[in-house]
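The block underneath contains the structure these notes are about, expressed in structure tokens.
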Amino acid sequence: MQAFDARPQSAKGMDMRCDCVRFLTGIAALAAARFIAALTATKFIAALAATKFIAVLTASKIVGALALAPLALSPPATLAQEFEVPKGSVSFEDTCTLEGVQDGYMQIRDSKTELWVLQIVPETKITVEGEAEPDYLRPGQSIEFVGELNKKGLLAEPIGELDITLTTGKSTLGMFPTDGEDDRPVRSPKPGSYRIKGKLASFKRGELLISIGTRKLNASLADEVKIHVTGDDPHLAQVGDTVKVRAYYYDNSKPIAALGRAGKALAEQIDITLAKPLAASGKKLRQTQRPAKSVRAGS
């Protein structure tokens with residue numbers, strides 16, 4: 001049986017309105033709580049993402065720093081190596097006579113006829129100059145000469161003087177003005193005199209085929225041709241050649257003739273003048289190469 005409510009109708013309506021307000025208030029509170037929770041979760045996720053981003057950025061900076069570190073510590077590969085004078089050493093300069101050459105070493109006899117063994121390192125500067133016989137010419141050699149081109153673009157006369165360059169560096173090929181005012185090769189040479197730099201493609205019975213880039217030039221040697229050689233390979237030298245030396249040694253490395261002991265020195269500069277013209281040995285010529293790195297004298 002339903003209970004009888006004796007209150008006035010207006011009181012009953014008020015209670016219903018209060019209930020509705022409480023219900024709506026509860027819903028609003030619940031929605032606000034969910035919103036705050038969602039907002040907090042969003043902030044947490046954003047913070048977490050930011051933390052990961054900072055970590056990744058920091059790691060990237062570390063990796064970048066590690067990658068750059070070798071570049072900062074290592075010398076540039078393009079820089080040429082310079083000779084370092086050994087500390088506490090004594091300088092030695094003289095005009096000597098060559099006794100022999102072996103990989104990394106050269107034996108000489110100084111102006112006092114005392115024997116020395118020079119150690120050659122990659123930083124040692126070496127020059128070789130002299131003359132050569134025509135049969136020393138080989139394909140692949142860099143050659144240079146002055147020649148006169150005629151209207152057909154051919155050499156007007158045989159070559160009377162020729163330079164062979166036997167160095168490890170690259171040379172620029174082409175036809176250059178003889179006045180020396182421009183060091184750039186002429187693209188379209190006209191009849192006239194030029195300093196010609198090329199690679200010897202072939203040589204047979206006094207006839208040469210010279211490669212100048214994409215162009216080939218035929219030439220012939222004069223009967224009394226003079227051939228000059230320059231290089232940087234000490235193996236071009238022969239026993240009896242003149243050797244100008246600048247080297248360094250320690251007091252305990254001086255030669256002692258009475259004991260038959262040769263002196264030991266580290267060479268900075270070696271200038272060799274060939275006593276005899278280079279000629280074909282009947283063997284295939286080796287490519288010019290510098291000696292491998294070796295331990296410095298006195299170290």
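The values are calculated or read from the model by the stated rules, or taken from the named source; none is laboratory data. Worth saying up front: this structure is predicted, and the values here are computed from it rather than measured. We place every Cβ from the backbone using ideal geometry, glycine too, and count neighbours over all the protein chains shown.
Of note:
- Val245 farther than 21 Å from Glu161 by Cα and exposed (fewer than 14 other Cβ atoms within 10 Å of the Cβ): no
- Any hit, region 137-158, residues being over 17 Å from Lys216 (Cα atoms), surrounded by fewer than 18 Cβ atoms within 10 Å (Cβ to Cβ) and among the charged types (D, E, K, R): no
- Unique residue being among the polar types (S, T, N, Q), within 29 Å of the chain's Cα centre (by Cα) and under 26 Å from Arg246 (Cα atoms) when the list is Thr113, Thr95, Thr127: Thr127
- Per-region count, region 182-232, residues without any contact (Cβ under 8 Å) to a residue 12 or more places away in the chain and on the phi > 0 side of the Ramachandran plot: 1
- Listed by position, the strands (runs of 3 or more DSSP E) inside region 156-257 whose residues that are of a type outside the set (A, V, I, L, M) and at pLDDT below 95 number at least 3 are 174-177, 192-204, 215-231.
- Residue match in region 128-147 (condition: free of Cβ contacts under 8 Å to residues at least 12 places away in the same chain, over 30 Å from Tyr249 (Cα atoms) and not in a strand (DSSP E or B)): no
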